[in-house]
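None of the figures in this text is laboratory data; all of them are computed from the coordinates on show. Bear in mind that the values here come from a model prediction, so they are computed numbers and not experimental data. Glycine gets a Cβ as well: all are built from the backbone with ideal geometry, and neighbour counts include every protein chain shown.
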Amino acid sequence: MRLVAALLLLCLTHLVPLDRACAGAACVVLDPGHGGIDPGAVTADGVYEKTININLAREVRRFLEAEGVEVFLTRSSDSTCPSLAERAIMANEVRADLFVSLHANSDIHPSCKGIELYYYPGSRRGEAVTGIIKQVVAERETLACCRVKSAAYLVLEKTAMPAVLVEAGYLSNTAERKRLLDSSYRRELAQALAEGITIYLQRAVNYR
Ligand SMILES: [Zn+2]
């Protein structure tokens, strides 16, 4: 996330509005971080965070849709890069019940590892969502769960609905980078995230 502020300047595309509004009983906007000319974190062996993020988002979408949740993505390919404000505007315009931004972390200390879940400081609903997701992820032994933190990230601040930002692991940690590149690990993480999201939606909007 440290790169986000600098790279934000690279992402001044015009807003491409999502072409419909939420119509289902429960609706989530998934936000794969970075994209286009903004790769996010880049590792020495050429792994781009933006690619991890969108692959994870597609997996989470698949699990959510199987549970009857309507899903929008703020970007559906690796060629576009909405600004942070545009991502929040998209979620507000479709009137999503929940906004989930997906990122992968990086740090100069290669020992840093683990999944981190962020909500906006003081947001009780955001805290509730992160708490539920943490609980579900922690039940899976293969996943490196989980620190919950609050941070004033723009996408969390500008979204009108409960919002969470997931740092899915540290690309700067060799073991976690390998796991995030492994499709079966990503699938398990996506399934856990989708399960947490679904539990929250059942409580919050009673969608089925
Ligand atoms: Zn990121």
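Note on segment 79-149: with charges restricted to the Cβ of Lys and Arg (+1) and Asp and Glu (-1), its dipole about the Cα centre is near 160 debye. The charge dipole of segment 126-195, taken about the Cα centre with unit charges on the Cβ atoms of Lys, Arg (+1) and Asp, Glu (-1), comes to about 200 debye, rounded to the nearest 20. Site pair Arg58 and Ala160 shows an inter-label distance of 3.2 nm when each label is modelled 7 Å from Cα along Cα→Cβ.
Counting only other residues whose beta carbon sits under 13 Å from that of Leu84, what net charge do I get with K and R as +1, D and E as -1? Combined, the nearby Lys, Arg, Asp and Glu give -1. Taking N as the residue count of the chain, its C-alpha radius of gyration divided by 2.2 N^0.38 Å amounts to 0.93.
At R0 = 35 Å, how high is the FRET efficiency between Ser184 and Ala44 if r is their beta carbon distance? Nearest 0.05 is fine.
Working: r = 24 Å, r/R0 = 0.70.
The pair Ser184/Ala44 has a calculated efficiency of 0.90.
For segment 95-198, the list of trypsin sites (Lys or Arg not before Pro) that fall in a loop by DSSP and count at most 13 other C-beta atoms within 10 angstrom reads Arg95. For the options Ile132, Ile197, Ile37, a Gaussian network treatment of the chain with springs between C-alpha atoms closer than 10 Å singles out Ile37 as fluctuating the most.
Of all lysines in the structure, the ones whose alpha carbon falls short of 20 Å from that of Lys178, not counting any fewer than 8 places away in one chain, are Lys50, Lys113. 3J(HN,Hα) along segment 70-80, derived from phi through the Karplus expression 6.51 cos²θ - 1.76 cosθ + 1.60 where θ = phi - 60°, amounts to 7, 10, 10, 10, 6, 8, 10, 9, 8, 9, 10 Hz, with x in place of Gly and Pro.
Using a Förster distance of 45 Å, how high is the FRET efficiency between Asn92 and Thr174, based on the Cβ-Cβ distance and rounded to 0.05? The calculated FRET efficiency here is 0.70.
For segment 145-195, applying the loop criterion from DSSP together with a ceiling of 15 other beta carbons within 10 Å to the GluC sites (Glu not before Pro) yields no site.
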